[in-house]
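Written below as C-alpha cells is the structure these notes are about.
No value in this document is a laboratory result; all are computed from the given coordinates. Model, not experiment: these values are computed from the prediction. Every residue, glycine among them, receives a Cβ derived from its backbone with ideal geometry; neighbour counts consider all protein chains shown.
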Amino acid sequence: MSTADQMRTKYSIGHYLTEQEDSPASFAEVARRFAPRLKEVFFPWPGLANGRIPSDVARVKERTSADLQYCRDHGMKLDLLANAMCYGETACTEEQHRQIVDIVGQLDKLGLYPEIVTTTSPYIARVCKLEFPDIEVRASVNMELRNTLALEYLSPLFDSFYISRDVQRDLPTFHRFADWCREHDKKLCLLANSCCLRNCPWHATHDALVAHMESHSKLGVDEENCKLLCFDNHPKVEYLRPGWIRPEDVPLFEPELEIVKLATRTMSSKYVAEIVEAYLNYSYDGNLLRLLNPYHGFEFRPYRIDNKSFPADWITGGIAGKCAENCTHCGKCEQLMKQVLKYDVDHSVRATSYSLGPKFQPRPAQKQQADSAASGEQEAKGKPS
C-alpha cells in the first residue's frame, strides 16, 4: 500500500470555480495540497440543474475537466451531482433519460467516467442502474432521509445514502442507520459542515428555488431573497442546533461511514483550504462559523463561536442530538452558548466575501431590539461572554 493510500481519509470535497483560474485559492491548488488525503470529489456538470448560473459553458467544462483529471490521477473517485430538488417539466421523461446518458457519455470520452452519481431522483437512479450498472448510485442529502424505512423504499435503486442532517447528530439514530446499511450491504454517508437551520420548514422550497436559479436570474429574482429564513434575525443559539459536526467529533461517526462530505462549493473559496485542513486534522482552534455552510458570521459580529470551548461530551451527552428535535427551550443550549461565545478581535474576517442576507429592513420593534442588543455587545467589548 502506498503512503498516499495509507493517508487517505473518508472525506469528499466539492469542486468549485474561481474567477481567476490561477488564483491561490483555486480548486486546483486545493487539490494539489490535499488530494492524496481525500477519497472523493463531487461536482456538477453543465446541463444538469445545480443552482449555478453558467457563463461560458465550454470554458467551464475545460477547467472542470482539468481539475477532475488531476483528482482522478491522484486516486480520488468522481461523484457526479444530479441532486436538484426540481427538474421541472423534463423530470421523469425520456428527455431526462437521454440527458443523463449523454452527460455520462461526455465524461467517459474525457476519461472522467464517474464512479458515483448522487441524486435526489429515483428516476435518475433507475436510469443509472439500467444504463450504467457499474456506477454507484447515492441518495443525496437533499432527500432528507430521517428513518430506515425510507432506506427500505429506496434500497432497490440506491447503493449508498446520506443520512438527514436533522437526525445525524443523535447517536442512537445514527447507529440504527449504520446497522441497517451494514445488514443490507449498503453504504452510509454524512455531510459534516452544514449550518442550515435544523428542521427548517423553508428548506424544500429553498432547494427548489436553487434548482431554478438560472431562470430566476433572467427574471430578476434576487438570490438573497431565497434565503428568507436562513438569515432572519434568529437568536444566536439557533446556530448550535443544526446538524454540523465539529472536526474533533468526526471520529465518533467515521468508522461507520463510507464518506464524510464537506460543503465547499458555495463557500468563499479562499477559506476552503482552512475547512479541509481542519477536518483532515480532526482539530480546529478558531471560529467554528468559518467552517460551516452557510456562513452565519455576520449575525455574530463582533463575537465568534470558539470551537475549542465545547465540552468533551457535546455529542455523547445528548445536547447535540435529540435535544433539538422537539425543543422545549430548557435552557441547556443557552448555557452552552455562554461557554462558547467569545469576543472576536478579528470580526472583520469575510466581511467582503458574504452578503448580509435578505434585503429587508426590520420593523421598528425589531430594530429597537437589535439596537439594544448591539449596545449591550458594545459594553461587553473585550470581555468573553
Handout entry: Mean Cβ neighbour count within 10 Å, used as a protection proxy, ranking 174-182, 156-164 highest first
Key = 156-164, 174-182
Problem - Stretch gain in nm, segment Asp185-Arg32, where the contour uses 0.36 nm per residue and the Cα spacing is subtracted - result: 51.7 nm
Exercise for the section: Would you work out the relative contact order for segment 3-343, in percent, from Cα pairs under 8 angstrom that are 6 or more residues apart? Expected result: 18
Fill in the blank from the handout: Given backbone amide H placed at 1.01 Å from N, residues whose amide H is under 5 Å from that of Leu145, ignoring those fewer than 5 places away on the same chain, are Ser164
Problem - Prolate/oblate/rounded call for segment 3-343, Cα gyration tensor, a/c under 1.5 rounded - result: rounded
Practice task
Provide the FRET efficiency to the nearest 0.05 for the Val60-Ala150 pair, computing r from the beta carbons and using R0 = 22 Å.
Solution key: 0.05
Practice task
Calculate, for Glu89 and Tyr343, the FRET efficiency according to 1/(1 + (r/R0)^6) with r their C-beta to C-beta distance and R0 51 Å; round to the nearest 0.05.
Solution key: 0.45
Exercise for the section: Just check segment 110-214 against the gyration tensor rule for me: Cα atoms, a ≥ b ≥ c as the square roots of the eigenvalues, rounded for a/c under 1.5, and otherwise prolate or oblate depending on whether a/b exceeds b/c. Expected result: oblate
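Could you list His74, His329 so that the one with the fewest beta carbons within 10 Å of its beta carbon is first and the one with the most is last?
Ranked by crowding around the Cβ, least crowded first: His329, His74.
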